[in-house]
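The values are calculated or read from the model by the stated rules, or taken from the named source; none is laboratory data. Here the structure is a predicted model, which is why all the values come from computation and not from measurement. Here Cβ is always computed from backbone atoms with ideal geometry, including for glycine, and neighbour counts include all displayed protein chains.
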Amino acid sequence: MAIETATIAGGCFWCTEAVFNDVIGVTKVESGYIGGTVANPTYKQVCGGATGHAEAIRLTFDSDVISYADLLDVFLGTHDPTQLNRQGNDVGTQYRSAIFPHDAAQEAEARAAIERAGADWPAPIVTTIEPLTEWYPAEDYHQEYWQGEGQRNPYCLAVIPPKLRKLRKSFANRLKEGAAA
């Protein structure tokens with residue numbers, strides 16, 4: 001087992017977390033905040049847009065099962081990396097599409113993934129590659145949100161199922177056994 005960490009932001013962290021919970025090799029998904037200027041930000045502060053943080057997820061994964069490059073392909077293929085500082089109705093820098101590499105190899109892979117994804121989208125990719133800064137886990141009630149409260153949240157019910165369908169259609173070979181259809 002070769003355990004590694006990846007940090008990515010693709011809009012609402014509830015939505016991104018829901019996708020990666022079903023990806024092979026992913027052993028943990030944690031929602032949180034990164035890339036801002038305020039220490040220990042709260043959800044309310046980040047949603048206000050003044051802290052500079054992105055809603056993000058931190059993945060722990062087994063690179064013997066799935067590569068970082070494959071994770072990035074899933075990431076760039078399950079949200080819209082052409083929308084600047086937004087995903088759907090979520091607007092602001094806190095919803096930006098960003099990759100936070102943990103080392104030089106991940107940075108090189110991020111650049112290559114963005115280039116690969118460029119061929120799949122009709123508009124330019126605006127996903128940024130940003131320095132890895134302090135990671136702040138989101139409040140407990142945000143963790144595993146889709147598996148609990150999210151199933152009753154109208155926003156989640158409108159946004160997450162299409163992302164999961166896209167995951168199942170485009171990345172079926174990267175799904176955990178038993179991932180719901």
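Among the residues of region 137-160, which ones are within 16 Å of GLU30 (Cβ to Cβ) and either of a type in the set (Lys, Arg) or more than 15 Å from the chain's Cα centre (by Cα) (or both)?
Listed by number, the residues that qualify are GLU139, ASP140, TYR141, GLN147, GLY148, GLY150.
Restricting to region 63-108, name every residue that is part of a helix (DSSP H, G or I) and over 20 Å from LEU167 (Cβ atoms).
Residues satisfying the conditions are THR93, GLN94, ALA104, ALA105, GLN106, GLU107, ALA108.
So in region 119-141, with the set limited to residues that are in contact with a helix residue (DSSP H, G or I) (Cβ under 8 Å, 6 or more places away or on another chain) and in a loop (DSSP other than H, G, I, E, B), which one is farthest from TYR33 (Cα to Cα)?
So, considering only residues that are in contact with a helix residue (DSSP H, G or I) (Cβ under 8 Å, 6 or more places away or on another chain) and in a loop (DSSP other than H, G, I, E, B), the one farthest from TYR33 (Cα to Cα) is ASP120.
Of everything in region 39-96, what is among the hydroxyl-bearing types (Ser, Thr, Tyr) and without any contact (Cβ under 8 Å) to a residue 60 or more places away in the chain? Give them in sequence order.
THR51, THR60, SER67, THR82, THR93
What tally of residues in region 143-156 results from selecting those that are at pLDDT below 95 and either under 14 Å from ASN89 (Cβ atoms) or polar (S, T, N, Q) (or both)?
Qualifying residue count, region 143-156: 6.
So in region 87-103, with the set limited to residues that are surrounded by fewer than 17 Cβ atoms within 10 Å (Cβ to Cβ) and not polar (S, T, N, Q), which one is farthest from VAL159 (Cα to Cα)?
Pass one, region 87-103, residues surrounded by fewer than 17 Cβ atoms within 10 Å (Cβ to Cβ): 88-89, 91-92, 102-103.
Checking the rest, the ones that are also not polar (S, T, N, Q) come to 88, 91-92, 102-103.
Details: GLY88: 9, VAL91: 14, GLY92: 17, HIS102: 29, ASP103: 32 Å.
Among those that are surrounded by fewer than 17 Cβ atoms within 10 Å (Cβ to Cβ) and not polar (S, T, N, Q), it is ASP103.
Those residues that are surrounded by 24 or more Cβ atoms within 10 Å (Cβ to Cβ) and either of a type in the set (S, T, N, Q) or touching a Gly at 6+ places or on another chain (Cβ under 7 Å) (or both), I need them from region 58-78; list them, please.
Matches in region 58-78: PHE61, PHE75.
Does GLU115 fit the bill of being surrounded by fewer than 13 Cβ atoms within 10 Å (Cβ to Cβ) and either modelled with pLDDT of 95 or more or among the aromatic types (Phe, Trp, Tyr) (or both)?
yes
Suppose the filter is farther than 14 Å from PRO137 by Cβ and in a loop (DSSP other than H, G, I, E, B); does THR27 pass it?
It is false that THR27 is farther than 14 Å from PRO137 by Cβ and in a loop (DSSP other than H, G, I, E, B).
Based on this model, can you work out whether TYR141 counts as under 15 Å from ALA6 (Cβ atoms) and aromatic (Phe, Trp, Tyr)? I'd like the intermediate steps shown before the answer.
Details: under 15 Å from ALA6 (Cβ atoms): no; aromatic (Phe, Trp, Tyr): yes.
Judged against the criteria, TYR141 is not a match.
Yes/no per residue for (1) of a type in the set (Asp, Glu); (2) farther than 19 Å from HIS79 by Cα; (3) touching a Gly at 6+ places or on another chain (Cβ under 9 Å); (4) loosely packed, with under 15 Cβ neighbours inside 10 Å:
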{"residue": "PRO137", "(1), (2), (3), (4)": "no, yes, yes, yes"}
{"residue": "TYR141", "(1), (2), (3), (4)": "no, yes, yes, yes"}
{"residue": "GLN147", "(1), (2), (3), (4)": "no, yes, no, yes"}
{"residue": "ARG152", "(1), (2), (3), (4)": "no, yes, no, yes"}
{"residue": "PRO161", "(1), (2), (3), (4)": "no, no, no, yes"}
{"residue": "LEU164", "(1), (2), (3), (4)": "no, no, no, no"}
{"residue": "SER170", "(1), (2), (3), (4)": "no, no, yes, yes"}
{"residue": "GLU177", "(1), (2), (3), (4)": "yes, yes, no, yes"}
